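Q: One structure is given below, represented as C-alpha cells, and several questions about it will come after.
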Amino acid sequence: MSYVVDTNIFNKLVDGIFRIENLPSDGPYLATHVQIDELNNTKDAERRARLFLMFAEVRPQVVPTESFVWDVSRWDHGKWSDGVLYEKLKQDLDDLNKSKANNARDILIAEVAIANEYTLLTADRDLATVVKEHGGKVIYYET
C-alpha cells in the first residue's frame, strides 16, 4: 500500500491536530510537485519552514503527476495524458465546491492516487468524496 499525502495533511500535522503516528504505517508516502509548490507558497516564512520540516519528517517520495496542466504543472514533473480522468474529476470537484481556486492542484494530487491505485490521505471532504466516487481509495481525516 502506498499513500499520497495531500498538502492539508502537512498543515494539520504542523498545527498539532494530529501526529505522524496517526498516519498509516504499512507503506511509503508519496507527494507530487504540487504539494511542494503549495507549501512553498505559504506566505509566513516561519510556518513555511515548519511545513518543510514536517515534509522532511514524513519523507514522501516525489512522483510525477498523471496529467500536465498549463500554469500549474512543472516541466519534467508531470505526464502528458488524454486528460479524460483529470477533466471528469475536476468537473465533479468544481460542482461540489463551487470551483475553488485550487481545484486543479487538488485534482492533480487525487489523479495520482486513483491512476496508480494508491490511497489518498486528505482532510478535504469534497476531494475525498470525488476520489471515492471515481473508485479511488481515500482516508479522510475529519477535523
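Since every read-out is calculated from the coordinates, none of them should be taken as a lab result. Computed from a predicted structure; not experimentally measured. For neighbour counting, all protein chains shown are included, and Cβ atoms are generated from backbone atoms with ideal geometry for every residue, glycine included.
Q: GNM, the chain, Cα, under 10 Å: largest mean-square fluctuation among VAL131, VAL112, VAL84?
A: Per the Cα network of the chain with a 10 Å cutoff, VAL84 tops the list.
Q: List the trypsin sites (Lys or Arg not before Pro) within the range 95-134 that fall in a DSSP loop (any state other than H, G, I, E or B) and whose Cβ has at most 15 other Cβ atoms within 10 Å.
A: LYS98, LYS100
Q: So what's the back-of-envelope 222 nm ellipticity for the chain, counting only DSSP H runs of four-plus at -39500 (n - 2.57) apiece and dividing by all residues, rounded to 500?
A: -14000 deg cm²/dmol
Q: Give me the tail of P(r) for the range 99-143 as a percent: Cα-Cα pairs with distance above 15 Å.
A: 33
Q: Let me know the charge dipole size of the chain about its Cα centre in debye, to the nearest 20, where only the beta-carbon of Lys, Arg (+1) and Asp, Glu (-1) is charged.
A: Dipole size: approximately 300 debye.
Q: Sticking with this one: Could you work out the Rg to Rh ratio of the chain, with Rh taken as the Kirkwood radius (inverse of the mean 1/r over all Cα pairs)?
A: 0.93
Q: Given Cα pairs under 8 Å that are at least 6 residues apart, what percent is the relative contact order of the range 3-140?
A: RCO, the range 3-140: 27 percent.
Q: Same structure again: Restricting to DSSP loop positions (anything but H, G, I, E, B) with no more than 11 other Cβ atoms inside 10 Å of their own Cβ, which trypsin sites (Lys or Arg not before Pro) remain in the range 1-69?
A: Answer by residue number: ARG19, LYS43.
Q: Please return the longest stretch of the chain lacking exposed loop sites, where GluC sites (Glu not before Pro) count only if DSSP places them in a loop and at most 16 other Cβ atoms lie within 10 Å.
A: In short, 1-116.
Q: Under a straight-distance cross-link criterion of Cα-Cα below 18 Å, which aspartates and glutamates are reachable from LYS98, leaving out those fewer than 8 residues away in the same chain?
A: Excluding near neighbours in sequence, the set is GLU87, ASP106, ASP124, ASP126, GLU133.
Q: As an exercise, identify the chymotrypsin sites (Phe, Trp or Tyr not before Pro) in the range 14-119 lying in DSSP coil whose Cβ has no more than 11 other Cβ atoms within 10 Å.
A: TRP70, TRP75, TRP80
Q: If you don't mind, there's one more thing I want to ask. Where does helix 103-116 land angle-wise versus the long Cα axis of the chain, in degrees 0 to 90, nearest 10?
A: For helix 103-116, the angle is close to 80 degrees.
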